[in-house]
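Novice: What follows is a single structure, and I will ask about it in a moment.
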Amino acid sequence: MTPFDAAEFRRVLGHFPTGVTVVAAVDGGSPVGLAIGSFGSVSLDPPLVMFCPGKSSNSWPAIQAGGSFCVNVLAEDQVDVSSLFAGRDPDKFAGVGWGTRATGSPVIDGCLAWIDCVIETVHEAGDHWIVVGRVADLGVGRPETGPLVFFKGGYGGVRSPSG
C-alpha cells in the first residue's frame with residue numbers, strides 16, 4: 001500500500017517540466033491525434049523514441065491500427081493546439097493545417113519539430129501503454145521558436161540557451 005494517493009502523485013510529479021507533443025496518425029484516410037507529455041528518446045542505434053498514451057484514450061487504438069505515427073513537438077505559441085488535442089472532439093484536425101512525410105502520418109503546420117515513426121513495440125504499464133517507435137524521418141520546423149512546456153498544471157515556454 002502506498003502512503004499517498006493519486007492526487008499527491010500527480011501534484012509532486014507536476015514539479016517536473018515536460019514538453020508538449022501531439023502524436024498523430026491516419027486511420028482509414030482520416031487524421032487522428034492526441035496530446036502527449038510523456039515522450040522521450042530511447043535509443044540512438046537504432047533510432048527509437050517512446051510515448052505513453054492512456055488506456056482510456058479514444059485516439060490511441062486508431063493510431064495503433066495504422067502502425068505508424070508522427071510526434072509533433074509543439075512550439076510555445078501552440079497552446080490552442082495542445083488544448084484541442086487534449087480534448088475528446090472526434091475531429092481534432094478541423095481547422096488545423098498539416099502535411100505528411102515518410103509514413104504518411106500528420107505533421108502539424110507550425111510545430112517546432114517532428115519525428116515520424118513506425119510502431120516497433122507496445123508494452124502494458126499500469127493504466128497506460130508504453131509505445132516504442134522506430135524513427136523513419138525527422139526534422140525541425142521552427143528553430144527560432146521555443147518549445148511549449150507543461151509545469152505545475154500550466155503552460156509556459158523555454159528560451160533557447162545563449163552561446
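The values are calculated or read from the model by the stated rules, or taken from the named source; none is laboratory data. Given the structure is predicted, the values throughout are model-derived calculations rather than measurements. Cβ placement follows ideal geometry from the backbone for every residue including glycine, while neighbour counts extend to all protein chains displayed. Protein only, heavy atoms only, side chains kept; ligands, DNA and RNA dropped before computing areas. Shrake-Rupley method; radii C 1.70, N 1.55, O 1.52, S 1.80 Å.
Novice: Dipole magnitude of segment 1-130 about its Cα centre, charges +1 at Lys/Arg Cβ and -1 at Asp/Glu Cβ only, in debye to the nearest 20?
Specialist: Roughly 120 debye for segment 1-130.
Novice: Can I ask one more? For H123, tell me the accessible area in Å² from a 1.4 Å probe, rounded to the nearest 10.
Specialist: 90 Å²
Novice: If you don't mind, another one. What is the packing order of peptides 47-53, 148-154, taking the mean over residues of other C-beta atoms within 10 Å and listing the highest first?
Specialist: Packing proxy ranking, top to bottom: 47-53, 148-154.
Novice: While we're here: Under 10 Å, Cα contacts only: if you run a Gaussian network model on the chain, which one of I130, I108, I63 comes out with the highest mean-square fluctuation?
Specialist: I130
Novice: Distances longer than 29 Å among the Cα atoms of the chain: what percent of all pairs is that?
Specialist: For the chain, the share of Cα pairs beyond 29 Å comes to 16 percent.
Novice: Same structure, new question: Ignoring any ligand, DNA or RNA, what whole percent of the accessible area of segment 1-151 comes from carbon and sulfur when the probe is 1.4 angstrom?
Specialist: 58 percent
Novice: Still on this structure, I have one more. Could you work out the local net charge near S30, counting Lys and Arg as +1, Asp and Glu as -1, over the other residues with Cβ closer than 11 Å to its Cβ?
Specialist: Around S30, the surrounding residues sum to -1.
Novice: For F4 and D45, compute 0.36 nm times the residue count separating them, minus their Cα-Cα distance, and round to one decimal in nm.
Specialist: Contour length minus the Cα-Cα distance gives 10.9 nm.
Novice: Moving to a separate point now. Using a 10 angstrom cutoff on alpha carbons, build the Gaussian network for the chain and name the most mobile of A102, A113, A35.
Specialist: Most flexible of the set in this elastic network: A102.
Novice: Here is a follow-up. Heavy atoms only, 1.4 Å probe, whole protein assembly: order T100, T121, T145 by accessible area, highest first.
Specialist: The ranking, largest first, comes out as T100, T121, T145.
Novice: Extension gain V12-H123, at 0.36 nm per residue separation less the Cα-Cα distance, in nm?
Specialist: 37.5 nm
Novice: Roughly how much of D45 is accessible, in Å² to the nearest 10, using a 1.4 Å probe?
Specialist: Here the accessible area works out near 140 Å².
Novice: Please compute P(r) over all alpha-carbon pairs of segment 92-150, binned at 5 Å starting from zero, and give each bin as a whole-number percent.
Specialist: Each 5 Å bin holds this share of Cα pairs: 4, 15, 19, 18, 22, 15, 6, 0.
Novice: List the relative contact order of the chain as a percent without decimals, with contacts defined as Cα pairs under 8 Å and 6+ residues apart.
Specialist: Once normalised by length, the contact order is 27 percent.
Novice: How much accessible area per residue does the chain have, in Å², with a 1.4 Å probe?
Specialist: Using a 1.4 Å probe on heavy atoms only, each residue of the chain averages 54 Å².
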